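Trainee: For reference, the structure I am asking about is given below.
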Amino acid sequence: MATELQHTVGKAASLSGTSLHTGEKVTLRLEPAPVDHGIKFRRSDLQDQPTIDAKIDNLKTVERATTIGEGSVRVHTVEHVLSALSAMGVDNAIIDMDANEPPIGDGSARPYLEVVKKAGVVPQETPRKMFDVGETMHIETKSGALLILLPDDKFRISCTQAGPNNRFTQFLSVEVTPAVFEKEIAPARTFVYYEDVQQLMDKNLIKGGSLENAIVVRGDAILSKEPLRFQDEFVRHKILDIIGDLALVGQRIRGHIIAVKPGHGANADLARAIVRESARRAAISAPRARPIGDGALETDQIMEILPHRFPFLMVDRILNFEGGTKITGLKSVSINEPFFQGHFPGHPVMPGVLQVEAMAQVASVLLFKLSDTSNRIGYFMSADGVKFRKPVLPGDTLYIHAELTKTRGNRLAKAQCHCVVNDVVVSEAELMFTFVET
Ligand SMILES: [Zn+2]
C-alpha cells in the first residue's frame, strides 16, 4: 500500500450560478490551502469572512441536503462540492462563497468537478490522514437506511437505492477513484419525488429549483429538462451524496461501504461513528506516547539532532532520558509506512533491519545529549547479538530502549538496545558507535 500524500488545488478557480434555496446569484471560488488545513468554507459575504470547517462536528441539519455551521454562520447543501473535492483527492482547500449555499448547477457534481479540474490537484509534502477500517461498523436508521463499513484496501461503495414502494430500485458497486467519479458518478443529478417538492414549492422554500437542476419523479413518470444521463442515475447520485457526506470525516477512508437506501441522516451517522472510532484509537496510543520527564523530545526537536527524514526517520518521539545513560524513544508503526508496500505484499511486517536502525537513531540522540559539543557525530559502526523475536505489524507502537554500556575515551561507545511492543521484547542488539568530528 503506497504512502499517499496530502493534496490541494494548484490555483484558485471559480464558478457562478444560482443557489437552490434562495434563488440568488452566488460565486464559489476554490483556493489552495496548506497541509493539515482540511476543507473549510468561507463566507466572504459576511463581516470578518468567517470560516466553517467541513467537519461532522459542525453538522447542523440533514433534511434534503447537508448543512454545516459554526456559531450563527451556516452553509447549506455542501455535499455535492465536497463529493467532487473528496473523490478528486483534494485534502486541503478553501471554498469561498458570497452566499450561504453553493450554486446548484445542474443538480449533479459535474460543475464542481470542472472547477476542481480547472484549479488542478497538486501533491503536498505531508502524508495523508487515512482511516483504515478495522472491525466492521454499521448504521441502521428508523427510515430503513442501512450502512455497513467493511475492511478493504480500497475505497469502495456498493449501493442499493429504492424509492417509495420499491419503485426505481437500482444497484451499483464502484471503487471510488478520480476516473470513476468523473465518468460514472459526478454527472448523476439530484432527484426528488413530486409529493415532496410540491409542498416545498408551495412554501416557497426552493426558489432556485427547476427541472434544470433536478429530476422530478411523479408516479412512474420522470420529469426533467434533459433525459436521464444513466438508466440507473438515481443510485449513482446516492453514491455521490455518500462520498460528499463522508468527506466530513476529514480523513480518507480505506474500506468498503455497503449502503441500502442511504440518506444524508444515515451518511452523517456513519461519518460520526468513524470519527468516534478514530478518536478511540488515538486515545489508546496517546497516553503513553506523550513525552514525559525532563529532556523529552518531539519529532521536530529530534530532527534538529538527527539528519534523518521521512521515510527514514525511525523515531517519532523521545519519551525520556534516565540517569544520563538510558533513553527511550517511540515509533508508531503505521500501515502507511512505505516499506510495507514491498515487505510483504498482503502480509505487512516491519523489516528487522529497520528496527536496528531505529535503535541506532535513538542511541545517537543519547550520544548527542552526552557530548558537550555539537560538532561531533556518532557513527553507527557495528551490531552484535542481533535477535528478532517477534514480528512487528502495522498499528504496533515500538518502544525503543537504549542504554550506554561502554565508552572508550571519546572515540567509541557501545549501547545495549531493545525494542518492545505491548511489553514484549521484539528485537535486541548491541550497537557500537565511533565519534567523528564534523
Ligand atoms: Zn445530492
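The rows are residues; the columns are (1) outside any helix (DSSP H, G or I); (2) over 27 Å from Ser19 (Cβ atoms); (3) touching a Ser or Thr at 6+ places or on another chain (Cβ under 8 Å).
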site	(1), (2), (3)
Ser173	yes, yes, yes
Val180	no, yes, no
Gln199	no, no, no
Val216	yes, no, yes
Val235	no, no, yes
Lys238	no, no, no
Leu246	no, no, yes
His256	yes, yes, yes
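Trainee: Which residues, counting only those in region 85-114, are under 14 Å from Glu184 (Cα atoms) and either within 13 Å of the ligand (Cβ to nearest atom) or in contact with a Lys or Arg (Cβ under 9 Å, 6 or more places away or on another chain) (or both)?
Mentor: Going residue by residue through region 85-114, those that are under 14 Å from Glu184 (Cα atoms) are 87-88, 108-110, 113.
Once the filter is applied, which keeps residues that are under 14 Å from Glu184 (Cα atoms) and either within 13 Å of the ligand (Cβ to nearest atom) or in contact with a Lys or Arg (Cβ under 9 Å, 6 or more places away or on another chain) (or both), region 85-114 yields Met88, Ser108, Ala109, Arg110.
Trainee: For region 346-358, state whether one or more residues are farther than 19 Å from Asp316 by Cα, small (Gly, Ala, Ser), without any contact (Cβ under 8 Å) to a residue 60 or more places away in the chain and not in a helix (DSSP H, G or I).
Mentor: Taking every residue of region 346-358 in turn, at least one turns out to be farther than 19 Å from Asp316 by Cα, small (Gly, Ala, Ser), without any contact (Cβ under 8 Å) to a residue 60 or more places away in the chain and not in a helix (DSSP H, G or I).
Trainee: If you check Phe234 against the conditions, is it farther than 30 Å from Thr3 by Cβ, within 13 Å of the ligand (Cβ to nearest atom) and at pLDDT 95 or above? Steps first, answer last, please.
Mentor: Details: farther than 30 Å from Thr3 by Cβ: yes; within 13 Å of the ligand (Cβ to nearest atom): yes; at pLDDT 95 or above: yes.
Judged against the criteria, Phe234 is a match.
Trainee: Hey, any hits in region 202-212 for a residue that's closer than 30 Å to Phe131 by Cα and either away from the ligand (no atom under 16 Å from the Cβ) or touching a Ser or Thr at 6+ places or on another chain (Cβ under 9 Å) (or both)? Walk me through it before giving the result.
Mentor: Start the filter on region 202-212 by keeping residues that are closer than 30 Å to Phe131 by Cα, which leaves none.
No, region 202-212 contains no residue that is closer than 30 Å to Phe131 by Cα and either away from the ligand (no atom under 16 Å from the Cβ) or touching a Ser or Thr at 6+ places or on another chain (Cβ under 9 Å) (or both).
Trainee: Applying the selection to region 63-84, what residues are within 16 Å of the ligand (Cβ to nearest atom) and either farther than 12 Å from Gly244 by Cβ or open to solvent by 40 Å² or more (accessible area, probe 1.4 Å) (or both)?
Mentor: Glu63, Arg64, Thr67, Val75, His76
Trainee: Could you please find all residues in region 59-70 being in contact (Cβ under 8 Å) with a residue 40 or more places away in the chain and touching a strand residue (DSSP E or B) at 6+ places or on another chain (Cβ under 9 Å)?
Mentor: Leu59, Arg64, Thr66, Ile68
Trainee: Would region 24-41 turn up any residue that is within 16 Å of Lys129 (Cα to Cα), surrounded by 17 or more Cβ atoms within 10 Å (Cβ to Cβ) and over 15 Å from the mean Cα position of the chain (by Cα)?
Mentor: yes
The values are calculated or read from the model by the stated rules, or taken from the named source; none is laboratory data. Keep in mind that this is a model prediction, so the values were computed, not measured. So basically every Cβ, Gly included, is an ideal-geometry build from the backbone, and we count neighbours across all protein chains shown. Each accessible area value is taken on the protein alone, full model and side chains, heavy atoms only, with ligands, DNA and RNA left out. Shrake-Rupley method; radii C 1.70, N 1.55, O 1.52, S 1.80 Å.
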